[in-house]
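We did not get these values from a lab; they are worked out from the coordinates using the rules stated. The model shown is predicted, which means the values in this text are computed figures rather than measured ones. Using ideal geometry, Cβ is built from the backbone for each residue, glycine included, and neighbour counts are taken over all protein chains shown.
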């Protein structure tokens, strides 16, 4: 079957996330990158397109140029999907135009800068029925998929406690310098939305809590830290979560955890056992039982779930990482576009991004109202 023709918005020479998406798109031989608009400056975009060995006629000035010219091509030649890798404030207008013009969309998170914008995208997608993925990257790890399967199969029993932590320290050198914190786009509400830490990494943790447990958070209570009066964006926060059936959870996120790199951990405890996973050591899933020694589960073995094995590309003992995780999401999108999906949860959908925006706004609201419990919308 022919490869899916993919375009990219953003993700150019200076992008940290661009190479991750390009490698992921090529990983399963399901996509072919044919063009895009990689930079706001067309000259830089053309130069980058040349580096990728793309036809210069398909390196566009902007999104409107891309849509007009792609739609003028024969159907078997035009882009079928577009990845949106731009700063947060551009996600909504770009995704909206792409949806209305029939393109399948792969969008970086957070989905938009407001919950209302996310609801608009959801309404359009419900009408157009195109595929829309939000790249909560870590859901693609084989051991996370194994964790999800084991919880669904009841291997740790009824869930009692969910603990997700995402600690980074990269803002710490910037936040204490007024000039630097004022110049960082992540701390600019016009470009990032109402939240920095929760919007950037807290949503990953929130999405993961719901993804692996299969449960929806019903209520939250948040306490955020802005550190300086002139800083309008949270850079640290703790959120208490209530799930159905008396299960409780805690989400801890920080970008001022000094010295931390990308410390994302997921822990779920049931009445029969617990599961623990660490992103910095993603090939190990720990199973805890009261009457048995600690068990360490690793990817690639035939006794693992089919869902886990579908996302495993190498034999046991060969480490896989974040490129593979994102590649599994792109593969899930490709299978959906080709109407050949096998697994629920093969890629994060628009509704996951919608839930994420709801979580961000409810978290900020809970904090500003004096750390009160707030109900999440369905």
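Kirkwood hydrodynamic radius for the stretch 1-133: how many Å is it when counted over pairs of different Cα atoms?
In the stretch 1-133 this quantity evaluates to 14.8 Å.
Remind me, relative contact order of the stretch 64-146 in percent, using alpha carbon pairs under 8 angstrom and six or more residues apart?
26
How long are the three semi-axes of the equivalent ellipsoid of the stretch 8-73, in whole Å, if each is the root of 5 times an eigenvalue of the C-alpha gyration tensor, listed from largest down?
18, 15, 10
Report the convex hull volume per residue for the chain, counting only C-alpha atoms, in Å³.
About 144 Å³ per residue, rounded to a whole number.
With 25 Å as the cut-off, how large is the P(r) tail for the stretch 88-207, expressed as percent of Cα-Cα pairs?
The proportion of pairs with Cα distances above 25 Å equals 42 percent.
State the percent of C-alpha pairs, over all pairs in the stretch 154-247, separated by a distance greater than 18 angstrom.
51
Let me know the Kirkwood hydrodynamic radius for the stretch 65-152, please, with Cα pairs as the basis and the value in Å to one decimal.
Result for the stretch 65-152, one decimal place: 14.4 Å.
Given 0.36 nm per residue, what is the gain on full extension from residue 341 to residue 179 after removing their alpha carbon distance, in nm?
Gain on extension, residue 341 to residue 179, equals 53.4 nm.
Could you grab the relative contact order for the stretch 126-222? Cα pairs under 8 Å, six or more apart, rounded to a whole percent.
Relative contact order comes out at 39 percent.
Over all directions, how big on average is the projection of the convex hull of the alpha-carbon atoms in the stretch 154-199, in square nanometres?
The Cα convex hull of the stretch 154-199, projected and averaged over all directions, gives 5.2 nm².
Kindly list the residues of the stretch 16-48 that lie in the label zone of residue 73, defined by a backbone N under 12 Å from the point 7 Å along the Cα-to-C-beta vector.
From the stretch 16-48, the list is 32-37.
When ranked by the protection proxy of mean other Cβ atoms within 10 Å per residue, highest first, what sequence do the peptides 84-91, 291-298 form?
For the peptides 84-91, 291-298, the packing ranking is 84-91, 291-298.
When the chain is modelled as a GNM with alpha-carbon springs shorter than 10 Å, which of 332, 273, 11 fluctuates the most?
Maximum among the listed residues: 273.
Quick one: Cα centre-to-centre distance for the stretch 71-118 and the stretch 8-42, in angstrom?
14
Grab the DSSP H runs of the chain that are 4 residues or longer, score each as -39,500 (n - 2.57), total them, divide by all residues and round the 222 nm result to the nearest 500 deg cm²/dmol.
-10500 deg cm²/dmol
Over all directions, the average projected area of the alpha-carbon convex hull for the stretch 280-378 comes to how many nm²?
10.1
Multiply the residue gap between residue 56 and residue 377 by 0.36 nm, knock off their C-alpha separation, and tell me the result in nm, one decimal place.
Difference between extended and current length: 111.0 nm.
Taking Cα pairs under 8 Å and at least six residues apart, what relative contact order does the chain come out at, in percent?
Relative contact order for the chain comes out at 20 percent.
If we sort 30-38, 51-59, 164-172, 192-200 on the protection proxy, mean other Cβ atoms within 10 Å, highest first, what's the order?
Peptide ranking by packing, descending: 192-200, 30-38, 164-172, 51-59.
Inverting the mean 1/r over all pairs of different Cα atoms, compute the Kirkwood radius of the stretch 114-154 and quote it in Å.
12.7
Stokes-Einstein at 20 °C, 1.002 mPa s, Kirkwood radius from Cα pairs: D for the stretch 270-335 in µm² s⁻¹?
Estimated diffusion coefficient is 162 µm²/s.
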